[in-house]
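Contents: one structure, followed by commentary.
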Amino acid sequence: MVLCPVIGKLLHKHVVLASASPRRQEILSNAGLRFEVVPSRFKEKLCKASFPTPSAYAVETAKQKALEVARRMHQKDLRAPDVVIGADTIVTIGGLILEKPVDKQDAYRMLSRLNGKEHSVFTGVAIVHCSDRDGRLHTEVLDFYEETTVKFSELSEELLREYIDSGEPMDKAGGYGIQALGGMLVEHVRGDFLNVVGFPLNHFCKKLAQLYCPPRPGDVRGAERDSIPAVDTFEDLSDLEGGGGSDPAWGGRGGRGGEEAGGAPPQAPGPRDADLNGAAEEKRPPFPTGLLELMEGFKASKALFTACKLNVFDVLRDQGPLKAVDIARKINASVCGTGRLLEACAALGLLHKTDAGYSNTEAADLHLVSDSAHSLHGLAVYNDSHVWDLFTHLDLAARDGAEQARGASGTKAERLFQSAETTLLFMRAMHGLSKLTARDVATAFDLSRFTSACDLGGCTGALAHELAREYPRLQVTVFDLPDVTEHARGFQPDGQRTEHVRFVPGDFFTDALPRAQLYVLSRVLHDWPDDRVHHLLSRISSCCEPGGGVLVAEAAAMEEEEAAAARRRGLQPLGLLLLGAGRPRSARELGQLLQRHGFRDVRVAPAGDLLRVVLGTRAAP
Ligand SMILES: O=c1[nH]cc([C@@H]2O[C@H](COP(=O)(O)OP(=O)(O)OP(=O)(O)O)[C@@H](O)[C@H]2O)c(=O)[nH]1
């Protein structure tokens, strides 16, 4: 006998759990599910910042874990399982996502952050239904998440150290296992306990009920089943097995934990349910956590930008930990205002706060200090002073078109190159971004067959220097507007050979292009409309010798990732509407553009989380 009939619906299917977590295996097998375990090889390193909410990140990771297993099994046996289940558990506190600690120190950082406070645990789950269509894998995904709130007691340093020494934190999200020794750290839990352990069984069963047990006409619960069918429906459920109407209603969404953030809006309150006494009880919609976070999101960005602009992170890198009053003096600001700003930065996970005062987190030291090797300080200042202003005209752009919104401030080039100061602001922003992605772009393909390259719109030369470092035979020319090349000297890397990189001023639409075997367009094409892109590619094509190449890097998606990437890239078209006349293009579209301009053997490769690189070889005319 199977206690839970909805779980029983999966008994005749080949179910795979795409997880190495022993806890998930135990929860599901205790519930009577029969499944094969195939741990996912998906690397959990999606860019967290590109998700609107932590839950959206957990759901996407769960989905990618399951899809990776479905694809691998289909490729290997040319037959995928019927259903693949993926899950991902994360802990969030003050806007920061905590996953499994990488070492004891990391575990200590996580547990100290949770100490005495309340945090949320999200588990994202993906149920992937697979089928084979003419040898091709077809997948349909149902995903959801569950949130549980956990409050830690005030714990002594000694207890934390001892707990870490037990080894338990290492393979657990947030660095604790609530089901074992970690239970001693917890004062109370609000929500599903098993969700904290790694799998929201209750919500999962409700989803299965939605999929496999659609309500019959006259069902008082209405179309949306959000509870596990009651015992008196057991027989009805088995009747449905194999009969008409048992097809899964894939695509249904909803539930207590809420929608995948950024997805469909919360459902409107449903019809009133009748309780056992016949009294009507109002059905409450899920709490709109994701929406509220989105509505407040701009404040978080502004706090980060302001702290960068006031050089808070520079001061703390050099002299931290410091108290608010000392930081205020050093950045020449009011004590009260600085205190509030520091509190906000600590809540956002940008600063640590201890009895000794404030200090930088690792991420702040790496990326928010103005002169660090991987600094994004310039990008923060540019977004604050330039992009922020533009976005205040978004309503105008949406209503009256981009030209109207941009009209007052001129074209992109006019705005950016108004003065040396605005040019440098833009260049610092681009420099930080390019350095972050340069290595991935330079190594996405083996370019060692080329001895000369021209980086069109190469700005500060960050990518050019990386190319020259990676391929010692390569001479790289950076071709950019005179306003840019004039200031490029200030961005040259220290302690690196720079003689392989030269800067040539010019406009790639009108001036003669420098001769090169390989032309590089990194994050350039999205700024331009189709006619300009064709014009530029035809100019490159006529300069490029047969056997030469063109390398395009863009935040473009591969076809199969389109849905996931669409969410990540969702804000890009808005930026382009306000900043220029261009548009985002998929990797496939970029490949087709290259082919149209005489490039063959077009290949696409990922370059880190952010970019895709397309390489084409010039065919003989
Ligand atoms: O209280 C507890 N909290 C969390 C856990 C366990 O933590 C991990 C979370 O990690 P993740 O979701 O990435 O899953 P993995 O273990 O890496 O397995 P996958 O193969 O599915 O990626 C999870 O194991 C939870 O069970 C816990 O035990 N107690």
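Here are a few things to note about the model shown:
- Hey, S448 open to solvent by 40 Å² or more (accessible area, probe 1.4 Å) and modelled with pLDDT of 95 or more or not: yes
- Inter-residue pairs, beta-carbon under 9 Å, first farther than 21 Å from R71 by Cα and in the stretch 13-39, second near the ligand (Cβ under 7 Å from one of its atoms) and among the hydrophobic types (A, V, I, L, M, F, W, C), 6+ apart: R23/V197; R24/A87; R24/V197; E26/V197; I27/V197
This table checks each residue for (1) over 26 Å from the mean Cα position of the chain (by Cα); (2) open to solvent by 80 Å² or more (accessible area, probe 1.4 Å); (3) more than 20 Å from S385 (Cβ to Cβ).
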{"residue": "P288", "(1), (2), (3)": "no, no, yes"}
{"residue": "S301", "(1), (2), (3)": "no, no, no"}
{"residue": "K309", "(1), (2), (3)": "no, yes, no"}
{"residue": "K323", "(1), (2), (3)": "yes, yes, yes"}
{"residue": "A328", "(1), (2), (3)": "yes, no, yes"}
{"residue": "N332", "(1), (2), (3)": "yes, yes, no"}
{"residue": "A347", "(1), (2), (3)": "no, no, yes"}
{"residue": "D355", "(1), (2), (3)": "yes, yes, yes"}
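- Wholly within the stretch 72-157, strands (runs of 3 or more DSSP E) carrying at least 3 residues that are open to solvent by less than 30 Å² (accessible area, probe 1.4 Å): 83-93, 118-133, 136-152
- Qualifying residue in the stretch 277-284 (condition: surrounded by 12 or more Cβ atoms within 10 Å (Cβ to Cβ), among the hydrophobic types (A, V, I, L, M, F, W, C) and modelled with pLDDT under 95): no
- Answer from L67, L33 - the residue that is more than 12 Å from the ligand (Cβ to nearest atom), more than 30 Å from A300 (Cβ to Cβ), modelled with pLDDT of 90 or more and assigned to a loop (DSSP other than H, G, I, E, B): L33
- Hey, V91 within 15 Å of the ligand (Cβ to nearest atom), among the hydrophobic types (A, V, I, L, M, F, W, C) and under 30 Å from G297 (Cβ atoms) or not: yes
- Restricting attention to the stretch 44-58, the residues being assigned to a helix (DSSP H, G or I) and away from the ligand (no atom under 12 Å from the Cβ) number 6.
- Unmet requirement for R41, which otherwise passes all of (1) assigned to a helix (DSSP H, G or I); (2) of a type outside the set (G, A, S); (3) within 12 Å of the ligand (Cβ to nearest atom): (1)
- Filter result for A209 (open to solvent by less than 20 Å² (accessible area, probe 1.4 Å), modelled with pLDDT under 95 and more than 15 Å from the ligand (Cβ to nearest atom)): yes
- Residue check for M184: outside any loop (DSSP other than H, G, I, E, B), free of Cβ contacts under 8 Å to residues at least 40 places away in the same chain and within 13 Å of the ligand (Cβ to nearest atom): yes
The values are calculated or read from the model by the stated rules, or taken from the named source; none is laboratory data. Because the structure is predicted, anything quoted here is derived from the model rather than measured. Neighbour counts run over all protein chains shown; Cβ positions are idealised from the backbone, glycine included. These accessible areas exclude ligands, DNA and RNA; they are computed on the full protein's heavy atoms, side chains included. Shrake-Rupley method; radii C 1.70, N 1.55, O 1.52, S 1.80 Å.
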